[in-house]
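Report on the following structure.
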Amino acid sequence: MNWLLIFIPVTLGLEYFAPSRSILVFAASCLAILPLAGWMGEATERLASRLGEGVGGLLNATFGNAAELIIALAALRAGLTDVVKASLAGSIIGNILLVLGAAMLAGGLRHHEQHYNPAGARAQAAMLTLAAIALVIPAAFRIASGATAEGLGRLSVAIAIVLILLYAAYLAFALVTHSALFAGEREAEETSEAPQSVGRALAILTAATIGVAWMSEIMVGAIEPTAHAVGLSKAFVGVFLVAIVGNAAEHATAIQAALRNRMDLSLSIAIGSSAQVALFVAPVLVLASLFVGPAPMDLAFPGGLVLMILLAVLITGQVAGDGRSDWLRGAQLLGVYLVMALSFFFLPGSPVAP
Amino acid sequence: MNWLLIFIPVTLGLEYFAPSRSILVFAASCLAILPLAGWMGEATERLASRLGEGVGGLLNATFGNAAELIIALAALRAGLTDVVKASLAGSIIGNILLVLGAAMLAGGLRHHEQHYNPAGARAQAAMLTLAAIALVIPAAFRIASGATAEGLGRLSVAIAIVLILLYAAYLAFALVTHSALFAGEREAEETSEAPQSVGRALAILTAATIGVAWMSEIMVGAIEPTAHAVGLSKAFVGVFLVAIVGNAAEHATAIQAALRNRMDLSLSIAIGSSAQVALFVAPVLVLASLFVGPAPMDLAFPGGLVLMILLAVLITGQVAGDGRSDWLRGAQLLGVYLVMALSFFFLPGSPVAP
Amino acid sequence: MNWLLIFIPVTLGLEYFAPSRSILVFAASCLAILPLAGWMGEATERLASRLGEGVGGLLNATFGNAAELIIALAALRAGLTDVVKASLAGSIIGNILLVLGAAMLAGGLRHHEQHYNPAGARAQAAMLTLAAIALVIPAAFRIASGATAEGLGRLSVAIAIVLILLYAAYLAFALVTHSALFAGEREAEETSEAPQSVGRALAILTAATIGVAWMSEIMVGAIEPTAHAVGLSKAFVGVFLVAIVGNAAEHATAIQAALRNRMDLSLSIAIGSSAQVALFVAPVLVLASLFVGPAPMDLAFPGGLVLMILLAVLITGQVAGDGRSDWLRGAQLLGVYLVMALSFFFLPGSPVAP
């Protein structure tokens, strides 16, 4: 697949010489991301087989979300808080429904039944529920009572600090005090064919992440004109297309891991990435908006988006709580994602309203 | 109990000669359904002991819901989409709260603790959650944003197709790839006293279904004047009375199975029947309404009904997720059903509003 | 800690001679409750080691809630139904989020992983879900459809009777038919150093309860002027401060039990106390309000409070359903409680609106 790397210079050339041909730019950057995401996946698996699946999954999610954080900061500076909220919500939903769904489906089609540590998965799912509650409450207050923007702003800052502290607690739990719950059964030892240093894997991961971030930024810039040309609504693009592209790395790695029957790693990436966006990226952006943006961003997301996050978290807790998975569960998660995407497709604009 | 079959001709006679005596018609058709439902239950158990509890439960649910589908199509042709939605919602709620609750209570009073395959039950419960999400989203869009009827119509058709495909996937899972999860422990072998061919059991099932459908239709026709005479609201009748009568067959079989300590079969019937209504009957009616009715039916159910479905699914997932059941769980499900029925009884009319 | 008992006469003296010094009265009554709550905890543990953890937990919850019931009846007579509802909701939320969270955190910091009977915990969590549903439905009807006060009143009385019957069924389950699920592993035998009669433990429990009730009433009377002086809103005080103080006994005992690795007892107290408030105390108050109050109290709680109860019950079911606990789960429950408290703190007044 490495020959697709040729599309990196192609994308850069198009972006420079023919920026108005947005559909071409979009397609080229899409193709350029594929081999880079593949590299990230391989490097993550190497690290996971050395450092444990919990650490490996966390590293993959972190590198994957780093790109999103950078792009979101740029959008904040431009005052596009609505766009930032839509892409955060899309990323949370997409990682647990699309990425986890595809991983469970692909893994389940190859393996009759797959297993993972239920206690680790429940800890991650509870983090997601917590994050959903932290989004539901400010949204409900805003809808029900017309809370003042000032009160919402202060509340958002306070909740953001609580979420960041809880995420730090979760990291201490997953990496230090209870790392065994996320470790997998380490049958991985055998699959790591070539002995390779942790340092080299980290270097590859970093380089590929930079490449993905660069290509992603070009692609995100091209998405809106492309969508306009094809006739899609802005809300659909923000919540679904941007999120799908922005999570390409997690996507590729989670599916690879599931195919190799390493479900602990796969869940760490998919659920862990959603939890990271909700408990770390979003709160950091709320705090950062106090300094970098023209206007502060609060945590009161539009009601439609909060409802979807809550429902997605609900079915994820049900599907990933007992330590086993099969292809039907993957199909169920993908089905929910499809229903949500269809509702944005056919009823454009509305869910971004409060 | 077979002497109750005398009420079949009695019902037909009353319906023909004294159709205005609606209370008598109602009572006679009620009594006539009892022995037929008993036959369906026996035939289902025979089939289950031959073909496995998963197939047996599916057959029972399918034959039971066939009657409902026929009646609903007649209502659609008459343009009564509100009535159809109310009876669909009542059927979904009734099967998991009333039928499953009564089965768990009856089984738990005879057996101290009963067991079933938790993975199979979770797969069915997740199908229900998925269906609830597919109903919540269009309802929320309609309430929040005043979506156009045209947009809702297209969205409903698209979601209906997704749901039917997912139901087909579920059948492939339950009957082909993972049928062991639904099989029970096949201690049934001993209980099937008389060797009887699958063909004969299927014939009995078909004949009894036709009888139940016939009697049900007469009963449904008599319900409204009866309710009026007794002083009950239309919403209460649509959501509770019609659904209770329409699910008499599932009801009888699920309780019989629970009493014989065959909880896998009992859950397959109760949860499976709800899932079939939500993922197959309702979508088929949406698609059929494009051709047979005066107006298309969408999937945007009234908010009150959607809320009840969501809450019913929530507690079912909690109660039927760990592979064991006892009488308290049955009492809890019945308690929720009673609370819902009381709210319709004391606050008539309101929940049918959006 | 017994020297703190000196604050009982101090509180009484202040209350009599200087009732306007509300901050002093508040602080003194707070300190006076601590040793009494400690006594209740010790007596409960003694009873639990004799009678089983289920009975012990129930006794602790009952004596703890007796104080609340007495105070609430006084508020009802004064016509303060809003205050009663706020403190009931605060008590339900506080017992499962604050008390259970603190117990799981404290226990988890001392013990790497703690265990309890998952079937017993699930039965209690399902009771809570049932209670949440019984509160959601009348609230939804009132918000959505402007139900008449008369209809809501009748519905509330009917639901109250259903809830009391279900609570009686739960007691029969927990104490008679399935008491083994709540018994713990009875390693307690060893920890009961001194042989002491059940009678003496019951006498201590009763005496300490009376003392706590007396001090609580004085404290509740002092809370409002104190809050006013410090600048807190009435809603925040009603839902959080009153509930925290009113549940001091459960709080102390649940944490003690968790530290001694008796999680079955700890969960029985925390979840059991919430369930008792929702399924027994609240319905009894609804029925009592028909006789003692100037106006009847219905079960239609304000929407904001019902939402918080539902979300708290949701995460409790997820966190306490698999038979194990660790410190992160405690931190997660406390995090949710903190988010809810912050939202009341920054957006005062609003959640008490419908």
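Being part of a helix (DSSP H, G or I), touching a residue at least 12 places away in the same chain (Cβ under 8 Å), open to solvent by less than 10 Å² (accessible area, probe 1.4 Å) and under 24 Å from residue A:307 (Cβ atoms): is that true of residue B:103 here?
no
Given the criterion more than 20 Å from the chain's Cα centre (by Cα), open to solvent by less than 10 Å² (accessible area, probe 1.4 Å) and not hydrophobic (A, V, I, L, M, F, W, C), identify the matching residue among A:325, A:266, A:274.
Exactly one of A:325, A:266, A:274 is more than 20 Å from the chain's Cα centre (by Cα), open to solvent by less than 10 Å² (accessible area, probe 1.4 Å) and not hydrophobic (A, V, I, L, M, F, W, C), namely A:325.
Here are the criteria: (1) crowded, with 24+ Cβ neighbours inside 10 Å; (2) more than 16 Å from residue A:105 (Cβ to Cβ); (3) touching a Leu at 6+ places or on another chain (Cβ under 6 Å). Tell me which single one residue A:257 does not satisfy.
(2)
In the stretch C:278-305, how many are among the β-branched types (Val, Ile, Thr) and open to solvent by less than 10 Å² (accessible area, probe 1.4 Å)? Show your work before the answer.
First, the residues of the stretch C:278-305 that are among the β-branched types (Val, Ile, Thr): C:281, C:284, C:286, C:292.
Pick out the ones that are also open to solvent by less than 10 Å² (accessible area, probe 1.4 Å) and you get C:281, C:286.
Residues that pass the stated criteria total 2.
Mind listing just one residue for me: the one in the stretch C:130-153 that is open to solvent by 10 Å² or more (accessible area, probe 1.4 Å) and under 18 Å from residue C:93 (Cβ atoms) and, of those, nearest to the other protein chains (Cβ to nearest Cβ)?
Only one residue fits best here, namely C:136.
Filter the stretch C:222-236 for residues that are open to solvent by 50 Å² or more (accessible area, probe 1.4 Å) and not in a loop (DSSP other than H, G, I, E, B) and give the result.
If the condition is that a residue be open to solvent by 50 Å² or more (accessible area, probe 1.4 Å) and not in a loop (DSSP other than H, G, I, E, B), then C:224, C:225, C:228, C:229, C:230, C:234 are the ones that fit.
Do you know which residues across the stretch C:294-351 are within 9 Å of another protein chain (Cβ to nearest Cβ) and of a type in the set (D, E, K, R)?
The answer is C:322, C:324, C:326, C:329.
Just wondering, is there one or more residues in the stretch B:187-194 that are at pLDDT below 80, within 30 Å of residue B:347 (Cα to Cα) and open to solvent by less than 10 Å² (accessible area, probe 1.4 Å)?
no
(1) farther than 30 Å from residue C:333 by Cβ; (2) within 14 Å of chain C (Cβ to nearest Cβ): which one isn't true of residue A:79, the others all being true?
(2)
Answer yes if at least one residue in the stretch A:75-94 is closer than 24 Å to residue A:253 by Cβ, among the hydroxyl-bearing types (Ser, Thr, Tyr) and open to solvent by less than 10 Å² (accessible area, probe 1.4 Å), and no otherwise.
Yes, some residue in the stretch A:75-94 is closer than 24 Å to residue A:253 by Cβ, among the hydroxyl-bearing types (Ser, Thr, Tyr) and open to solvent by less than 10 Å² (accessible area, probe 1.4 Å).
Going by what's in this entry, would residue A:126 be described as more than 7 Å from chain C (Cβ to nearest Cβ) and open to solvent by less than 10 Å² (accessible area, probe 1.4 Å)?
Spelling it out, it is not the case that residue A:126 is more than 7 Å from chain C (Cβ to nearest Cβ) and open to solvent by less than 10 Å² (accessible area, probe 1.4 Å).
Just to check your reading of the model, which residue among C:211, C:184, C:246, C:231 is modelled with pLDDT of 85 or more and more than 14 Å from chain B (Cβ to nearest Cβ)?
The conditions single out C:211.
Would you point out the residue of the stretch A:28-45, among those that are over 16 Å from residue A:2 (Cβ atoms) and modelled with pLDDT under 80, that is farthest from the chain's Cα centre (by Cα)?
Per the criteria, the residue is A:45.
Right, residue C:44: surrounded by 23 or more Cβ atoms within 10 Å (Cβ to Cβ), of a type in the set (S, T, N, Q) and within 19 Å of residue C:208 (Cα to Cα) or not?
Numbers: surrounded by 23 or more Cβ atoms within 10 Å (Cβ to Cβ): yes; of a type in the set (S, T, N, Q): yes; within 19 Å of residue C:208 (Cα to Cα): yes.
Judged against the criteria, residue C:44 is a match.
Taking residue C:112 and the conditions (1) without any contact (Cβ under 8 Å) to a residue 40 or more places away in the chain; (2) not in a helix (DSSP H, G or I), which numbered condition does it fall short on, given that it satisfies the others?
Single failed check for residue C:112: (1).
Checking the conditions here, which among A:113, A:68, A:53 is open to solvent by 50 Å² or more (accessible area, probe 1.4 Å) and either under 18 Å from residue A:270 (Cβ atoms) or among the acidic types (Asp, Glu) (or both)?
Checking each option against the conditions leaves just A:113.
Look at the stretch A:141-165 and say how many of its residues are touching a residue at least 40 places away in the same chain (Cβ under 8 Å), under 20 Å from residue A:279 (Cα atoms) and among the aliphatic types (A, V, I, L, M).
Within the stretch A:141-165, residues that are touching a residue at least 40 places away in the same chain (Cβ under 8 Å), under 20 Å from residue A:279 (Cα atoms) and among the aliphatic types (A, V, I, L, M) number 8.
The values are calculated or read from the model by the stated rules, or taken from the named source; none is laboratory data. These figures come from a predicted structure and were not determined experimentally. Reconstructed Cβ throughout: ideal geometry from the backbone, glycine too, with neighbour counts over all protein chains shown. All accessible areas refer to the heavy atoms of the entire protein, side chains included, with ligands and DNA or RNA removed. Shrake-Rupley method; radii C 1.70, N 1.55, O 1.52, S 1.80 Å.
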